[in-house]
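To start, the structure under review is shown below, and the notes come after it.
The values are calculated or read from the model by the stated rules, or taken from the named source; none is laboratory data. All of these numbers come straight from a predicted model, not from anything done at the bench. All Cβ positions, even for glycine, are placed from backbone atoms using ideal geometry, and neighbour counts span all protein chains on display. Ligands, DNA and RNA are stripped out before the accessible areas are found, and what is left, the full protein with its side chains, is counted by its heavy atoms. Shrake-Rupley method; radii C 1.70, N 1.55, O 1.52, S 1.80 Å.
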Amino acid sequence: MNRYYLALASSFLLTLAESNAFGGGLSDLRPHQDKNIDKPTVKQEKAAQWKHPDIPRGQALIYIVRPSRYSGSANTYRISINGTPIADLKTGFYFTHFIQPGVIRISAMTRANILNFGLSLAMMGKPAMELNTSKGEIHFIEVGVDFAGGPSLQVVDASTGESFLLKAKRTETFEEAGIKPAPENSTNDGKPKTGHGGVPYLRH
């Protein structure tokens, strides 16, 4: 009987040795993992989940997003397109805007509050940029914060823009809210609002 078990064990060890000699063995029973294949990052996985709204025929879609940051968080920025105020953005919010294709002008300014009045507000920039759009395109504009606490504007790629959107909340545009603010640097009668020497006041 002992000879039977000894022969059986010898046969098993011989089979195992032959398998290892040809690169096999017990390791072949484990799931194969290719270490050379890069796994998608969390950022890429989340961005892939973003669903864009349907773009009206013949128009382009613009996302304007202000990522959540502590710097400048006390300030609200008013965003205008082609001189028309579109929405006020607080930190951590975004809005969407459909527009006819062509070159458009996007600008931003700081709304006044009890923390930034006077010289502090006057030092904050009022950046503007031009964007060339075509029908069916999707663009992403990041609203940042400059050194003085005012707004900054820059175009970002789709992956970066979508990652911002996933962490932000959507805010209504003035049109969606039924509000009709006056154009940039003007009073309600449409005339430029100026101070001494004809210098335009900052409109808030």
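Structure data summary
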{"item": "Length released on extending from ASP146 to MET123, taking residue separation times 0.36 nm less the Cα-Cα span", "result": "7.2 nm"}
{"item": "At R0 = 25 Å, FRET efficiency that the Cβ-Cβ distance of ILE138 and SER71 yields, to 0.05", "result": "0.35"}
{"item": "Mean Cα-pair separation over length for the stretch 56-99, i.e. relative contact order, pairs under 8 Å, 6 or more apart, %", "result": "53 percent"}
{"item": "Cα-based Rg of the stretch 62-172 normalised by 2.2 N^0.38 Å, two decimals", "result": "1.03"}
{"item": "Surface share of carbon and sulfur [accessible, 1.4 angstrom probe, percent] for the stretch 68-194", "result": "53 percent"}
{"item": "Loop-located GluC sites (Glu not before Pro) in the stretch 94-171, at most 15 other Cβ atoms within 10 Å (DSSP)", "result": "GLU137"}
